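What follows is a set of notes on a single structure, which appears directly below.
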Amino acid sequence: MPTQIRSSVLIVFRTYIENEVPEVLRIMSKKGRPRFFSRNKFLFRNIAKDRIKRLFSLAEQKLRADPDLSREYVSIAIRIGTRCRVRIPSNWKWRICKGCNTLLSPGLNCTVRIRSNRQAHLVIRCLYCGRISRRNVNRTPLVPVQ
């Protein structure tokens, strides 16, 4: 392995998750792309999914105590997902602010409102950067009781 690693993701892997790193380091090349991706595709993606889940759980634990560390965990998980072509799970994806990579928690660092202009939707506003995201709310029609 060369002395200088160009990928900051691998360096962060070493500092935060020391016990589980060697498998990822063997698969990754110095440019951040997998060397033998066709042979190790499923192993590679499974390792990346596990890392992403672990980083999100760590970010949720550290959210109140150290928000900057939590934000760093989320940004690392996003970089791993883009580098390894793995989707971030949908239950975590809507909780990320796309402006500052903060894990959003209603009442702590974001506000959530329900609006009914045109179509019902949630308005989620990050209190760190002020970015607003909207999510549609599916209304179920009321069925008359017979």
What number goes with the only condition from (1) closer than 22 Å to Arg64 by Cβ; (2) among the β-branched types (Val, Ile, Thr); (3) part of a loop (DSSP other than H, G, I, E, B) that Thr111 does not pass?
(3)
In the range 49-81, residues that are surrounded by 15 or more Cβ atoms within 10 Å (Cβ to Cβ) and not in a helix (DSSP H, G or I) total 2
Subset of the range 82-102 [part of a loop (DSSP other than H, G, I, E, B) and surrounded by 15 or more Cβ atoms within 10 Å (Cβ to Cβ)]
Val86, Ile88, Arg95, Cys97, Cys100, Asn101, Thr102
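Coordinate-derived values only; no laboratory data. This is a predicted model, so every value here is computed, not measured. We place every Cβ from the backbone using ideal geometry, glycine too, and count neighbours over all the protein chains shown.
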